[in-house]
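J.: Below is a structure I'd like to ask you about.
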Ligand code: SF4
């Protein structure tokens with residue numbers, strides 16, 4: 001276990017609580033994943049998002065690949081992924097992702113992407129080709145795709161989720177009242193609609209939120225109600241951590257007991273599965289709900 005660094009708050013410096021301590025990233029499986037990522041010239045949200053679970057996930061031989069490059073067209077105030085105008089996308093990426101997933105030897109693979117709002121199809125074709133490539137090379141692997149906001153381009157959405165993936169996730173990220181602050185280029189109702197259409201397409205649906213951004217419990221319960229009403233099956237809830245001083249400050253380190261309460265409430269509201277604890281991320285222990 002390592003001591004995590006001091007975090008800059010809005011007006012004070014404070015130490016992360018004990019429950020946010022994480023394992024050191026070491027061990028042979030960790031090295032194997034790192035080698036695969038480097039050799040295949042792939043991006044992972046684990047690295048780009050400064051995920052605190054890298055020691056555990058990579059140490060267990062798994063990672064979440066991020067496709068369509070590593071430059072996002074959006075600038076959400078919570079997210080560590082680089083923002084800007086991305087270069088042309090890489091048509092060979094689907095093959096390399098599929099080979100890396102096969103070599104990792106995982107039963108369940110999670111793939112995500114940056115937002116590519118400048119592309120007419122929002123990157124749907126590369127999404128489709130990536131899922132197909134994994135299914136062809138490693139048909140035994142179940143696939144979860146954590147997809148971006150398609151800005152109501154439902155044709156693009158349909159292509160994006162047609163490759164044969166078992167689970168389609170789209171994160172709400174926060175409560176409605178904090179959208180302008182946390183996710184300014186997104187719209188709360190539009191994300192709910194995307195989940196509803198995904199469900200109607202016949203997919204297992206999943207979403208996630210971060211807490212500790214200044215939301216109230218009532219607002220969290222409202223997101224839960226909205227998600228259930230729009231056909232969301234699985235919910236993840238984790239603590240927001242400030243990636244750098246340039247990002248939104250943590251408002252509160254939510255106590256593990258509150259996460260346990262959120263889990264109970266979520267299940268009572270109708271989710272088939274809720275993963276809720278401080279270090280939960282949408283791809284953390286993702287195979288469990290299958
Ligand atoms: S929780 Fe997800 S993003 Fe974080 S290290 Fe694990 S697989 Fe990567």
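The values are calculated or read from the model by the stated rules, or taken from the named source; none is laboratory data. Predicted, not measured: the structure shown is a model, and the values here were computed from it. Backbone-built Cβ (ideal geometry, glycine too); neighbour counts: all protein chains shown.
J.: Can you list the helices (runs of 4 or more DSSP H) lying wholly within region 21-97 that have 2 or more residues being over 22 Å from residue 243 (Cα atoms) and either free of Cβ contacts under 8 Å to residues at least 24 places away in the same chain or away from the ligand (no atom under 15 Å from the Cβ) (or both)?
T.: Filter on region 21-97 gives 28-39.
J.: Using the structure shown, decide if residue 233 is more than 16 Å from the ligand (Cβ to nearest atom) and either within 29 Å of residue 82 (Cα to Cα) or out of contact with any strand residue (DSSP E or B) (no Cβ under 9 Å at 6 or more places or on another chain) (or both).
T.: No, not satisfied.
J.: Check whether at least one residue in region 114-122 is within 16 Å of the ligand (Cβ to nearest atom), closer than 18 Å to residue 204 by Cβ, touching a residue at least 24 places away in the same chain (Cβ under 8 Å) and not in a helix (DSSP H, G or I), and report yes or no.
T.: Within region 114-122 (the criterion being within 16 Å of the ligand (Cβ to nearest atom), closer than 18 Å to residue 204 by Cβ, touching a residue at least 24 places away in the same chain (Cβ under 8 Å) and not in a helix (DSSP H, G or I)), the answer is no, since none of the residues qualifies.
J.: Now a separate question. So, in region 268-290, how many residues would count as being away from the ligand (no atom under 12 Å from the Cβ), within 20 Å of residue 147 (Cβ to Cβ) and part of a loop (DSSP other than H, G, I, E, B)?
T.: Result for region 268-290: 3.
J.: Now for a separate question. Against the definition (at pLDDT below 90, more than 11 Å from the ligand (Cβ to nearest atom) and touching a strand residue (DSSP E or B) at 6+ places or on another chain (Cβ under 8 Å)), how does residue 13 come out, yes or no?
T.: Yes; evaluated as a whole, the condition is true for this residue.
J.: Within region 129-165, track down each residue that is outside any loop (DSSP other than H, G, I, E, B) and over 21 Å from residue 119 (Cα atoms).
T.: Scanning region 129-165 gives 133, 134, 135, 136, 137, 142, 143, 144.
J.: Could you grab me the full set of residues in region 166-185 that are in a loop (DSSP other than H, G, I, E, B), touching a residue at least 40 places away in the same chain (Cβ under 8 Å) and buried (at least 21 other Cβ atoms within 10 Å of the Cβ)?
T.: Once the filter is applied, which keeps residues that are in a loop (DSSP other than H, G, I, E, B), touching a residue at least 40 places away in the same chain (Cβ under 8 Å) and buried (at least 21 other Cβ atoms within 10 Å of the Cβ), region 166-185 yields 171, 172, 174, 175, 183.
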